[in-house]
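Participant: Below you will find the structure I want to go over with you.
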Amino acid sequence: MNSTASARALQSSVQIVLLGGLAVGVLDITDAMLFWWFRAGLTPVRIVQSVAAGLIGREAAASGGLASAVLGAVLHFSIALSVMTVCYFLARRIR
C-alpha cells in the first residue's frame, strides 16, 4: 500500500469514527432528554448537568448553571466517541 492510499484509509477511518461518535452521542442524549422530559419534566440542561455530576458531584453540577451543562455535553460526546472508537477497531479486527 503506497503512502497516498494509506493516508486516504486513515482519513476514511477518522471520518467513520467521528461521524459515528457524533451519531451515537446525538441519539443517546436525545433519548435521555426525551425520556426524562416526559417522565419527570426535567429540562435538557439538567440532563447534561447530570452527566457532569459524575465528575464534579451532584451539588456542583446543579449549581453550576450553563458551565456545568457544557461540561456534561463535552463529557457525553467524549464517551460516545470513545465507544465508537473501540467498536470500530473491534469490528476491523473481526473482519
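The values are calculated or read from the model by the stated rules, or taken from the named source; none is laboratory data. A quick note: this is a predicted structure, and the numbers were derived from the prediction, not measured. Positions of Cβ are generated from backbone atoms using ideal geometry, with glycine treated the same way; all protein chains shown enter the neighbour counts.
Participant: I need every pair where a residue in region 45-58 that is under 16 Å from ALA32 (Cα atoms) and at pLDDT 95 or above has its Cβ under 9 Å from the Cβ of a residue that is in a helix (DSSP H, G or I) and of a type in the set (Asp, Glu), sequence separation at least 6 or different chains.
Facilitator: So the pair list comes out as ALA53/GLU59.
Participant: A further question follows. Picking from ALA53, ALA9, which residue would you name as being part of a helix (DSSP H, G or I) and out of contact with any helix residue (DSSP H, G or I) (no Cβ under 8 Å at 6 or more places or on another chain)? Quick ask: steps written out before the conclusion?
Facilitator: Working: ALA53 fails: out of contact with any helix residue (DSSP H, G or I) (no Cβ under 8 Å at 6 or more places or on another chain).
Only one candidate passes the filter, namely ALA9.
Participant: Taking region 41-74, which residues are within 15 Å of GLY25 (Cβ to Cβ) and surrounded by fewer than 17 Cβ atoms within 10 Å (Cβ to Cβ)?
Facilitator: Selection gives PRO44, VAL70, VAL74.
Participant: Follow-up. In this structure, is ILE94 surrounded by 13 or more Cβ atoms within 10 Å (Cβ to Cβ) and either out of contact with any Gly (no Cβ under 7 Å at 6 or more places or on another chain) or not aliphatic (A, V, I, L, M) (or both)?
Facilitator: On the way: surrounded by 13 or more Cβ atoms within 10 Å (Cβ to Cβ): no; either out of contact with any Gly (no Cβ under 7 Å at 6 or more places or on another chain) or not aliphatic (A, V, I, L, M) (or both): yes.
Judged against the criteria, ILE94 is not a match.
Participant: Considering (1) without any contact (Cβ under 8 Å) to a residue 24 or more places away in the chain; (2) surrounded by 16 or more Cβ atoms within 10 Å (Cβ to Cβ); (3) out of contact with any Ser or Thr (no Cβ under 9 Å at 6 or more places or on another chain), say which one VAL14 fails and leave the rest.
Facilitator: Failing condition for VAL14: (2).
Participant: Something else: Only one of these conditions is not met by ARG93: (1) part of a helix (DSSP H, G or I); (2) at pLDDT 95 or above. Which number is it?
Facilitator: That leaves (2) as the condition not met.
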